[in-house]
Amino acid sequence: MKKLILAGLCALMIGAIPSRAQWGPRAIPEPTDGLKDAYKDYFMVGVAVNNRNVTDAGQIALIKREFNSITAENAMKPQPTEPRKGEFHWEDADRIADFCRRNGIKLRGHTLMWHSQIGPWMYQDEDGKLLPKEEFYANMKHHIQAVVNRYKDVVYCWDVVNEAVADSPVRPGGSELRDSPMYRIAGEEFIYKAFEYAHEADPDALLFYNDYNDAEPAKSRRIYNLVKRMKDAGVPVDGIGMQGHYNIYGPSMGDVDAAITLYSQVVKHIHITELDIRINEDMGGGLRFNQGQARISDWQRTLQQDQYVSLFKVLRKHKDVIDCVTFWNVGDRDSWLGVNNAPLLFDQDYRPKQAYLAVKGFDPKMDAAVIKEDFRPSELNQPGQEYPMVNSQGYVRLRVNAPQARSVIASLGSGTVLHKDADGFWTGTTAAPEDEGFHYYHLTVDGGVFNDPGTLNFFGSTRWESGVEVPAHDAAFYGERDVPHGNVQQILFRSASTDQLRRAFVYTPPQYGKDRKKYPVLYLQHGWGENEYAWWNQGKANLIMDNLIAEGRIEPFIIVMTYGMTNDTRIGGLGGFNYKDFETVLCDELVPYVDAHFRTVARKDGRAMAGLSMGGMETHAITLARPEMFAYYGLLSGGVYTPEEIQDPRQVKGIFIGCGSKEGPDRIMKAAADLQAAGFNAKGYVSEGTAHEFLTWRRCLYEMAPMLFR
Ligand code: XIL
């Protein structure tokens with residue numbers, strides 16, 4: 001919620017929002033191409049369809065845009081095609097096959113032999129007695145060959161046998177195969193026969209063994225064993241189908257990677273046949289449908305996106321053996337798990353999710369990226385804490401102890417998901433290098449928000465957040481150098497208008513008080529969610545000043561930092577934000593207090609006001625409303641001035657406008673140029689490689705200070 005407000009503010013002031021998944025769902029524009037296009041150099045991307053999907057115009061358009069392989073969700077299974085012996089129903093299967101023929105989309109056949117969705121006539125008599133093996137085989141052969149023959153012009157592969165391997169745990173000495181009626185009649189041989197019958201009907205089709213819990217180490221070993229025995233016996237099996245009904249907690253990508261590696265030792269073709277990633281933990285055999293969780297939380301969305309993104313990264317790595325990845329249903333509304341499990345990349349209204357963009361927008365260069373193992377503790381860590389760490393490329397690695405937790409996410413990058421090791425420690429590394437500079441973050445543990453106990457705290461997003469510092473290449477300008485240092489002191493001033501004792505921090509230069517000199521004052525405001533601590537704590541304003549003064553680059557001045565009363569603003573409330581209350585506190589209470597208690601140049605020429613983000617909005621409003629108060633104005637990622645809105649050009653001696661290069665800087669530079677053209681002393685500045693964050697504003701202060709009070 002808070003992040004959303006922040007996003008809204010950024011958008012309003014600057015027109016650029018850093019993309020962060022944890023800021024909640026955002027409307028995603030209609031894609032112009034599909035997953036199949038993004039993955040054309042890797043594998044086909046398929047989808048399981050029902051009748052509605054192939055008859056509704058909107059859904060047809062989506063299918064044609066996104067997918068180049070289709071599976072009939074139910075229509076080609078044994079029961080729907082032949083519910084009673086010799087009684088074939090082709091209508092539904094034909095409709096899907098015709099759809100594929102018409103549109104030139106490949107069809108994956110699913111499934112010829114399964115213990116579920118099968119007419120009992122196939123394996124038992126009317127009294128429920130299992131049939132003799134020969135009769136079962138005759139039924140099976142007739143069924144399989146009827147189906148395969150009917151669609152062999154359009155089906156390129158078949159899931160011949162589905163789910164014949166036993167679930168874990170298998171008792172010692174127990175069968176590795178499922179105790180199904182077919183197994184009881186014929187043992188493992190029925191599987192071999194099914195493949196032989198299918199192959200006989202269509203020698204060109206690729207034939208798959210298909211199963212779930214496909215990445216669980218014990219079961220994947222049994223699947224491997226079965227297919228290996230089939231291969232050794234000369235059975236025409238070409239591939240293994242990994243159903244891929246996963247969830248936000250598992251399987252681990254290590255297990256998926258290991259399973260694919262194992263399977264690829266025995267087959268040349270692996271398909272992910274029924275992919276979905278549900279937002280609860282139910283897996284494979286033990287499904288409980290629809291948990292009543294109609295509301296999906298941001299943290300679940302982040303876990304789901306991470307699971308999808310990580311999975312596709314593993315799949316891309318194995319592109320040599322993986323040739324098709326099929327989603328089990330088009331959108332959440334269709335999902336066999338019920339809409340509340342929200343397991344797909346398209347939501348219940350067939351709109352793409354953020355996770356869709358993330359899966360599609362992979363960067364092949366990042367797949368090959370090597371993370372340097374030169375991590376060092378962040379300089380903002382609590383004493384003695386090793387983590388978080390930062391490496392020389394800007395990757396951040398986190399590690400926290402939470403032995404009983406189910407999920408841990410750090411709000412860095414688009415949400416960095418941590419994984420638990422055997423000791424109960426959760427570790428994760430950002431997917432990409434973070435920008436140079438300071439970043440707020442927090443942890444979301446099982447949906448609750450906590451700070452990382454490894455770091456010091458910094459007030460942002462209306463709370464004391466964790467923070468991490470990626471050393472900037474130009475870090476010296478805010479570094480603790482061996483130069484004379486000024487002071488930051490806390491002052492408490494009485495505010496009649498708010499009937500409160502209010503706090504400000506005051507930076508005084510190193511020379512202050514050592515002579516009779518009077519100093520000009522910059523009133524410097526923080527942004528939304530922050531407070532009077534921000535500018536010297538995470539902003540390092542005092543160090544920047546000390547360094548500038550030591551370099552002789554500025555006229556020394558005082559900085560006053562107080563709370564800008566910004567944090568009660570809620571979504572949609574920005575337009576109605578009342579800066580008047582703060583204007584009164586600042587201009588009528590704080591400025592007189594400072595002038596009375598410090599050696600200041602107590603007139604307009606000796607005063608500047610600047611602010612970052614929402615503090616920029618306040619600066620803009622207050623400087624224009626009180627032209628008699630301040631002679632220098634600064635907006636840092638906080639909007640622009642236009643020549644027209646400044647009533648009298650003589651009211652202002654200098655205007656600074658700056659932002660980060662990732663915040664849409666064109667508007668900033670144009671505004672500065674317009675002001676210059678209109679005769680103002682204006683400076684525009686863009687901080688390279690930074691966004692709406694504190695390195696931008698540290699640099700802005702460094703660039704702005706020399707133009708003040710000259
Ligand atoms: C599911 C379908 O999606 C449902 O509509 C149907 O009611 C049950 O079967 N493994 C498989 C698929 O191989 O055929 C199953 O499909 C999902 C689990």
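Quick note: the coordinates plus some simple rules give every number you see, no bench work behind them. Every value quoted in this text rests on a predicted model; they were computed, and no experiment measured them. As a convention, Cβ positions derive from the backbone with ideal geometry for all residues, glycine included, and neighbour counts pool all protein chains shown.
Would you kindly derive the ³J(HN,Hα) couplings of the stretch 147-160 from the backbone phi angles with the Karplus curve 6.51 cos²θ - 1.76 cosθ + 1.60 (θ = phi - 60°), listing them in order in whole Hz, with x for Gly and Pro?
5, 4, 4, 5, 10, 6, 6, 10, 7, 9, 7, 10, 7, 6
Set the Förster distance to 56 Å, then compute FRET efficiency between residue 221 and residue 476 from the Cβ-Cβ distance, nearest 0.05.
Rounded to the nearest 0.05, the efficiency is 0.50.
In 10 Å bins starting at 0, how do the alpha-carbon pair distances of the stretch 550-679 split up by percent?
Calculated P(r), rounded to whole percents: 11, 40, 36, 12, 1.
In the chain, what % of DSSP beta bridges are antiparallel (nearest 5)?
For the chain, the DSSP antiparallel bridge percentage is about 45.
Taking the Cα centre as origin and putting +1 on Lys and Arg beta-carbons and -1 on Asp and Glu beta-carbons, what dipole magnitude results for the chain, to the nearest 20 debye?
1460 debye
Just rank 62, 262, fewest to most, by other beta-carbon atoms within 10 angstrom.
In increasing order of surrounding Cβ atoms, one gets 262, 62.
What FRET efficiency comes out for residue 229 versus residue 124 if R0 is 25 angstrom and r is the Cβ-Cβ distance? Round to the nearest 0.05.
That pair, residue 229 with residue 124, gives E of 0.40.
Give the shape of the stretch 499-587 as rounded, prolate or oblate, defined through the alpha-carbon gyration tensor: a ≥ b ≥ c are the square roots of its eigenvalues, a/c under 1.5 means rounded, and otherwise the shape is prolate if a/b is larger than b/c and oblate if not.
prolate
Excluding residue 153 itself, what net charge comes from residues whose Cβ is under 15 Å from its Cβ, given Lys and Arg +1 and Asp and Glu -1?
In short, +2.
Classify the stretch 162-252 as rounded, prolate or oblate from the Cα gyration tensor: take a ≥ b ≥ c as the square roots of its eigenvalues, call it rounded if a/c is under 1.5, otherwise prolate when a/b beats b/c and oblate if not.
It is oblate, given that a/c is not under 1.5 and a/b is not larger than b/c.
Label points 7 Å out from Cα along the Cβ direction at residue 404 and residue 319: separation in nm?
4.6 nm
Give the peptides 420-426, 535-541 in descending order of average Cβ contacts within 10 Å, highest first.
The densest-packed peptide leads the list: 535-541, 420-426.
Can you give me the long-range amide H partners of residue 457? Hydrogens built in the peptide plane at 1.01 Å from N, cutoff under 5 Å, separation of 5 or more residues or another chain.
For residue 457, no residues qualify.
Of all GluC sites (Glu not before Pro) in the stretch 122-175, which ones are in loop regions per DSSP and have a Cβ with at most 14 other Cβ atoms within 10 Å?
Sparse-neighbourhood loop GluC sites (Glu not before Pro): 126.
Taking the simple approach of a point 7 Å from Cα along Cα-to-Cβ for both residue 249 and residue 102, what is their distance in nm?
4.4 nm
Could you state the number of Å between the C-alpha centres of the stretch 30-90 and the stretch 682-706?
Cα centres, the stretch 682-706 to the stretch 30-90: 52 Å.
Dipole of the stretch 340-437 (Lys/Arg Cβ +1, Asp/Glu Cβ -1, origin at the Cα centre): which of 405, 391, 350 lies farthest to the positive side?
Of the listed residues, the answer is 350.
How much length is gained if the chain between residue 297 and residue 153 is pulled fully straight, taking 0.36 nm per residue apart and subtracting their Cα-Cα distance, in nm to one decimal?
The span from residue 297 to residue 153 would gain 47.3 nm if fully extended.
Ordered by residue, what ³J(HN,Hα) values in Hz, to whole numbers, does the stretch 114-128 give under the Karplus form 6.51 cos²θ - 1.76 cosθ + 1.60, where θ = phi - 60° and Gly and Pro are x?
With coefficients 6.51, -1.76 and 1.60, one gets 8, 6, 10, 6, 9, x, x, 4, 4, 10, 9, 8, 5, 8, x Hz.
How much length would be gained if the chain were fully extended between residue 339 and residue 446, taking 0.36 nm per residue of separation minus their Cα-Cα distance, in nm to one decimal?
Contour length minus the Cα-Cα distance gives 36.3 nm.
Loop only per DSSP, at most 14 neighbouring Cβ atoms within 10 Å: give me the GluC sites (Glu not before Pro) in the stretch 444-547, ordered by residue number.
Qualifying residues, ordered by number: 480.
Please sort by residue number the trypsin sites (Lys or Arg not before Pro) in the stretch 330-381 whose DSSP state is loop and whose Cβ has at most 11 other Cβ atoms within 10 Å.
Filter output for the stretch 330-381: 372.
Quick one: if the Förster radius is 30 Å, what FRET efficiency do residue 490 and residue 605 give, using the C-beta to C-beta distance and rounding to 0.05?
0.65
Where a ≥ b ≥ c are the square roots of the eigenvalues of the C-alpha gyration tensor, would you call the chain rounded, which needs a/c under 1.5, or, failing that, prolate if a/b is larger than b/c, or oblate?
Note, shape of the chain comes out prolate.
Using only the Cα atoms of the stretch 365-506, what do you get for the radius of gyration and for Dmax, in Å?
When restricted to the Cα atoms of the stretch 365-506, Rg and Dmax are 18.4, 62 Å.
List the residues, sorted by chain then number, that are 5 or more residues from residue 70 or on another chain and whose placed amide H is less than 5 Å from its amide H.
47, 106, 107, 108
Give the residue from 620, 652, 586 lying farthest towards the positive end of the charge dipole for the stretch 534-657; charges sit on Cβ (+1 for Lys and Arg, -1 for Asp and Glu) and the dipole is referred to the Cα centre.
Going by the charge dipole, the pick is 652.
If one computes the Cα centroid of the stretch 623-639 and of the stretch 435-490, what distance in Å separates the two points?
27 Å
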